[in-house]
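In what follows, a structure is listed as structure tokens, so that the remarks can point back to it.
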Amino acid sequence: MDALDLDVRRHVYRSVVDDGRPASVSEAAAALGRSAEDVAGAYQRLHEAHALVLHPGTTDVWMANPFSAVETPHRVRAGTRRWFANCAWDALGIPAALHADGDVESECACCGERVALSVRDGALARGAELLVHILMPARRWWDDIGFT
């Protein structure tokens, strides 16, 4: 990753944290004083490096792991702010990424049962008795990250 890619990546994550959504190419270009073409290239390189996930065929950010740019059943609250995660596992990554306590509201992918988790001081405080089943081996996650 070159300096532009790192600047773009930081800006995308900062916008997710601050605004609740990733910056578009044009927003990032304006904020960074770069051309939209340069920033679109960075988005594509970041996607290819698995640093961001773009909606297929676009430069629109779908995932800035662990954050989701689209509504999902995996909701995280930290302080007064809320975000969506890509899965229940990623939902636990949001408080970690923010270095904050957080509450997760999710649901079982199998039966739809409500799942509530709390993270306090970097540890799972509520929900620790739950069992996690990860369907896909980690080596295959990027085969279809949207499914995983």
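The values are calculated or read from the model by the stated rules, or taken from the named source; none is laboratory data. Computed from a predicted model, the values in this text were never measured in an experiment. Heads up, the Cβs are rebuilt from the backbone with ideal geometry, glycines too, and the neighbour counts pull from every protein chain shown. Please note that ligands, DNA and RNA were not included when accessible areas were found on the heavy atoms of the full protein model with its side chains. Shrake-Rupley method; radii C 1.70, N 1.55, O 1.52, S 1.80 Å.
For the chain, the longest principal axis of the C-alpha atoms and the axis of helix 88-98 are separated by about 60°. Taking other residues whose beta carbon is less than 12 angstrom from the beta carbon of L54, and scoring Lys, Arg as +1 and Asp, Glu as -1, yields -1.
Taking the Cβ of A78 as the center, what net charge do the other residues with Cβ under 12 Å away carry, scoring Lys and Arg +1 and Asp and Glu -1? Neighbourhood net charge equals +3. Here is the list for segment 72-119: GluC sites (Glu not before Pro) lying in DSSP coil, each with at most 10 other C-beta atoms within 10 angstrom of its C-beta, are E113. Using the rule -39500 (n - 2.57) for each DSSP H run of four or more residues, divided by the residues of the chain, the 222 nm mean residue ellipticity is -10500 deg cm²/dmol. Once C-alpha pairs closer than 8 Å and six or more residues apart are averaged by separation and normalised to the residue number of segment 18-120, the relative contact order reads 17 percent. For the chain, the Cβ-based charge dipole about the Cα centre amounts to some 260 debye (Lys, Arg positive; Asp, Glu negative; other atoms uncharged).
In segment 11-148, the portion of solvent-accessible area held by carbon and sulfur atoms comes to 53 percent [1.4 Å probe, whole percent, DNA, RNA and ligands not counted]. For the chain, the alpha-carbon radius of gyration amounts to 1.09 times the rule-of-thumb value 2.2 N^0.38 Å expected for a compact globular protein.
Rolling a 1.4 Å probe over the protein heavy atoms leaves C108 with an accessible area of roughly 50 Å². The heavy atoms of R45 offer some 100 square angstrom of accessible surface to a 1.4 angstrom probe. Take segment 22-148 with all the other protein chains still there, run a 1.4 Å probe, and you get 59 Å² of accessible area per residue.
If you add up the charges near V119, with Lys and Arg at +1 and Asp and Glu at -1, over every other residue whose beta carbon is less than 12 angstrom from its beta carbon, what do you get? Value of the local net charge: 0.
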